[in-house]
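Below is one structure, written out as C-alpha cells; the observations come after it.
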Amino acid sequence: MKLVALEEHMATPALQDAWGGLSITSADGDDIAALLNDIGEERLRRMDDEGVDVQVLSLGTPGMQDLEPRLGVELARSTNDVIADAVAAHPDRFQGFAALPVTDPDAAAAELRRAVSEQGLVGALLNGRAAGDRMHDHAAFEGIFATAAELRVPLYLHPRQPHPAVESLYYRGVQAVTEAFEIWGVGWYYESGIQLFRLIFSGLFDRYPDLQVIIGHWGDAAVLLADPVSMPDPLQLGLRKPIERYLRENVYVTGSGIRSHRALRWSIEAVGADRVMFATDYPWVRADGATRNGGARRFLTESGLPADQIELIAHKNWDALVSGIRR
C-alpha cells in the first residue's frame, strides 16, 4: 500500500530570515529549523521510519502572508524552485504545493500558474489571513481561486496564529498554556475552519463548482460544526446548495498528524471516505519511540476501517484528485 502524506512542511534559510528567525528545539532535541530546511536524506530516512512513501512538500505557517509584496514574490519563486528541484531529484518520494506571494494577489495567481505549468507542482498551500486582516474570501484573492479552478489543482487551507485582536480577547491570560491554547491547542482549528466557512458563504464554490480545497486537523472547526451549520441556507446567503453539500463536494480533509481513530471515523461520517486523506504534519509532529517503525502506516492499518477505505485514504483519493491537473 502506497502512503501519501499531504501536510509536510519545509522552509529555506532566506524565508526563516524574513520571518525574523526560527529557533525551536523539540522535546527530543531536534532543531526544527534544520529539519524544515532539509529536503534530502534525513527527511527521506524519517519518512521511511514512519512508513511514508510520498510527502507533498509545502511552506508552513506563516508562509508568505505578511511579507512585503516585492520580497514575497522573490521568495515565493525561489521557494517553489527549491521544492521543484527536490521533486525532480526524488520524483517517487516528493510532490509539492506552491508557496504564493499573497500580499500581491495578481502575482500570486501568476506564480501558481508558473509553479504548476512550468515547475510541475500540484497545487498551493495558503496560511490563513494575508497582510494582517484580509481573509481568503476577500475579493483581491479571487484570481488565485480562479486560477486553481482553471488548472484543476487543489488549495490547502492551513491555519496561522489568530488575529491579534482575537488572540488578546479570547486566548491571552490563560496561565501557563496561552501559546498552546491560541495555536495548536484550540485557536488554529477555528482559524482555518472559519476561513473555509467564509469561502462557502461568499459563494466561491458556486462560481467555481469544480474548485477543490483541503483542510487539516480532521476538518478543523468546519467538520466539528458540520451538523449545526448544514441546515439549508441557514444564514440566508442565497447559496445554490445546502452547506453540507459543499463540504462533501468541494472539501477534502486530512489529519495533520493527529492520530485519533475517533476523529478519523467522524471525518469519514461527515464528508465521506472518498474525501479523507492522510498527513503527518512533519516536522512539527514526528514519531516518538513508541510510534516509529512504520507508525504512520500502522495508524491506518490498525484503524478498523475496511481495506478499500484504507486504500482511499492512503493514496487513491489523492491520486484521483491530481490526475486531472491541467498544465
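Figures for the structure shown
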read-out	value
For region 1-137, alpha-carbon Rg over 2.2 N^0.38 Å	1.04
Environment charge at residue 275 (Cβ cut-off 13 Å; Lys +1, Arg +1, Asp -1, Glu -1)	-1
Residue 74-residue 16 FRET efficiency (beta carbon distance; Förster radius 22 Å; 0.05 resolution)	0.90
Amide proton proximity set for residue 66, modelled H, under 5 Å, gap of 5+	131
Fully extended contour minus Cα-Cα distance, from residue 89 to residue 117, at 0.36 nm per residue	8.3 nm
Highest average packing first - 46-54, 6-14, 137-145, 95-103, Cβ atoms within 10 Å	95-103, 6-14, 46-54, 137-145
Gained length - residue 133 relative to residue 237, 0.36 nm times residue gap less alpha-carbon distance	35.2 nm
Dipole in debye (nearest 20) - region 1-153, about Cα centre, beta carbon charges: Lys, Arg +1; Asp, Glu -1	400
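FYI, it's all coordinate maths here, none of it is from the lab. Owing to the predicted nature of the structure, the values given are computational and were not obtained by experimental measurement. We place every Cβ from the backbone using ideal geometry, glycine too, and count neighbours over all the protein chains shown.
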